[in-house]
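Undergrad: Take a look at the following structure, please.
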Amino acid sequence: PTADKSGKAWEFYQTLARDYGLPAEWDPLVLLGISQALVAVRAIEHTAERVGGDKLTGEAVFETLRTHEFTEDELMGVLADLSFTAEAPFPLTGSVKIETVKDGEYVLATPQWVPVPTDIGKW
């Protein structure tokens, strides 16, 4: 969440901005892009470790995405622990941080990761 300017996710963003010239502001859209990039890069890293760099294919990366649990730590605190399956390619479990808008600013509703409700059906 972009209302939280502390912790691992904020530090990672600061590194990207300071050391690599990331021109983007700390906002929900940028954080979404960073989260997607982190999942993609970690999936490729784990796949290369599993099958070797010379055997890296889209199918092998897809298999990693379906079978590997990505940790909050390796996702730089941007996302909580995350896993996908063939039945749920969009996670239906896990945790999120909740933000709201107050006086035109994003604020945390709670600083902790909150479990996703388990009664969400597959759409």
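Undergrad: Any residue that is among the hydrophobic types (A, V, I, L, M, F, W, C), within 23 Å of Tyr106 (Cβ to Cβ) and modelled with pLDDT of 95 or more - is there at least one of those in segment 61-78? Outline the logic, then answer.
TA: Filtering segment 61-78 down to residues among the hydrophobic types (A, V, I, L, M, F, W, C) leaves 61-62, 65, 70, 75-76, 78.
Filter once more, so that each one left must be within 23 Å of Tyr106 (Cβ to Cβ): 75-76, 78.
Imposing the further condition that a residue be modelled with pLDDT of 95 or more reduces the set to 75-76.
Looking for residues that are among the hydrophobic types (A, V, I, L, M, F, W, C), within 23 Å of Tyr106 (Cβ to Cβ) and modelled with pLDDT of 95 or more, one finds at least one in segment 61-78, hence yes.
Undergrad: Do you know which of the residues in segment 44-90 that are of a type in the set (Gly, Ala, Ser) and part of a helix (DSSP H, G or I) is least open to solvent (accessible area, probe 1.4 Å)? Before the answer, list the steps.
TA: So in segment 44-90, the residues of a type in the set (Gly, Ala, Ser) come out as 48, 52-53, 58, 60, 77, 80, 83, 86, 88.
Still in the running and part of a helix (DSSP H, G or I): 48, 53, 58, 60.
Values: Ala48: 35, Gly53: 58, Gly58: 61, Ala60: 14 Å².
Ranking the qualifying residues of segment 44-90, first place goes to Ala60.
Undergrad: On to the next question. Looking at Val107, Val101, which one is out of contact with any Leu (no Cβ under 7 Å at 6 or more places or on another chain), open to solvent by less than 70 Å² (accessible area, probe 1.4 Å), under 25 Å from Gly7 (Cβ atoms) and assigned to a strand (DSSP E or B)? Write out each step before concluding.
TA: Details: Val101 fails: open to solvent by less than 70 Å² (accessible area, probe 1.4 Å).
So the residue among Val107, Val101 that is out of contact with any Leu (no Cβ under 7 Å at 6 or more places or on another chain), open to solvent by less than 70 Å² (accessible area, probe 1.4 Å), under 25 Å from Gly7 (Cβ atoms) and assigned to a strand (DSSP E or B) is Val107.
The values are calculated or read from the model by the stated rules, or taken from the named source; none is laboratory data. Worth saying up front: this structure is predicted, and the values here are computed from it rather than measured. All Cβ positions, even for glycine, are placed from backbone atoms using ideal geometry, and neighbour counts span all protein chains on display. We work out accessible area using only protein heavy atoms, side chains counted, and drop any ligands, DNA or RNA first. Shrake-Rupley method; radii C 1.70, N 1.55, O 1.52, S 1.80 Å.
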